[in-house]
Amino acid sequence: MKVIGVHLDRCTGCKTCELYCAVERGSNGKTLLKAAHEIPPPQPRLRVEGYNEFAFPYQCRHCLQAPCLDACLNAALVRDPQTNLVVVREERCIACWTCTMFCPFGVIFPWPERKFALKCDRCAFMENPVCLEVCPCQALELVELEDLEKTFDQRRKEIRKTLAGEKEKGLLLLDLGE
């Protein structure tokens with residue numbers, strides 16, 4: 001399964017991904033100029049928090065054990081059998097926002113004006129997600145989940161090794177009772 005990875009050292013918080021997501025996914029006009037005049041205004045399916053070196057674009061993680069799926073009262077949230085992504089069937093959503101309360105990452109957003117929940121579906125109908133295509137800093141990348149897990153495991157081992165070396169030198173300020 002592919003996931004959107006974020007290079008934190010590259011993201012500047014410019015919100016270009018947010019803007020284009022709103023235009024591409026929430027707009028009837030499909031152009032920025034037309035979208036700016038729509039009522040209600042289009043909304044993005046991802047959000048960027050922070051700015052400069054503290055910016056982070058966040059979107060749905062499509063959890064394997066997705067609490068939002070169980071929480072949805074009207075079966076508007078489903079797992080697509082082909083892509084394995086959690087998607088919103090907008091016509092079924094009753095705007096109860098239960099999914100927003102159960103999402104552990106806070107990445108499902110209410111859109112009261114259109115009466116359905118917004119969440120990233122990784123632009124499943126497109127070749128690549130629009131946020132990846134437009135990011136001027138190339139901070140977003142589509143990666144295999146297995147590759148990402150291997151990278152995390154390798155990094156954890158490096159950190160453990162470093163911490164063990166520091167502890168032997170007596171440099172650790174906090175002893176966790178080991």
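The values are calculated or read from the model by the stated rules, or taken from the named source; none is laboratory data. Here the structure is a predicted model, which is why all the values come from computation and not from measurement. All Cβ positions, glycine included, derive from the backbone under ideal geometry; neighbour counts span all protein chains shown.
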Of (1) assigned by TED's automatic domain parsing to the domain that holds Pro129; (2) under 20 Å from Glu113 (Cα atoms), Gly50 satisfies every one except (2)
Checked Cys17, Cys60 against criteria (touching a Pro at 6+ places or on another chain (Cβ under 6 Å) and surrounded by 22 or more Cβ atoms within 10 Å (Cβ to Cβ)); the one match is Cys17
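Can you tell me how many residues in segment 36-54 are closer than 15 Å to Lys15 by Cβ and either of a type outside the set (A, V, I, L, M, F, W, C) or modelled with pLDDT of 90 or more (or both)?
12
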Scanning segment 72-129 residue by residue, those in contact with a strand residue (DSSP E or B) (Cβ under 7 Å, 6 or more places away or on another chain) and assigned to a helix (DSSP H, G or I) turn out to be Cys99, Thr100
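Residue under question is Asp121, and the condition is that it be over 20 Å from Leu8 (Cβ atoms) and within 13 Å of the chain's Cα centre (by Cα); does it hold? Write out each step before concluding.
Details: over 20 Å from Leu8 (Cβ atoms): yes; within 13 Å of the chain's Cα centre (by Cα): yes.
It is true that Asp121 is over 20 Å from Leu8 (Cβ atoms) and within 13 Å of the chain's Cα centre (by Cα).
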Of the residues in segment 10-43, those that are touching a helix residue (DSSP H, G or I) at 6+ places or on another chain (Cβ under 8 Å), assigned to a loop (DSSP other than H, G, I, E, B) and in contact (Cβ under 8 Å) with a residue 60 or more places away in the chain come to Thr12, Gln43
Considering residues that are surrounded by fewer than 17 Cβ atoms within 10 Å (Cβ to Cβ) and closer than 12 Å to Cys17 by Cα, the number found within segment 103-131 is 0
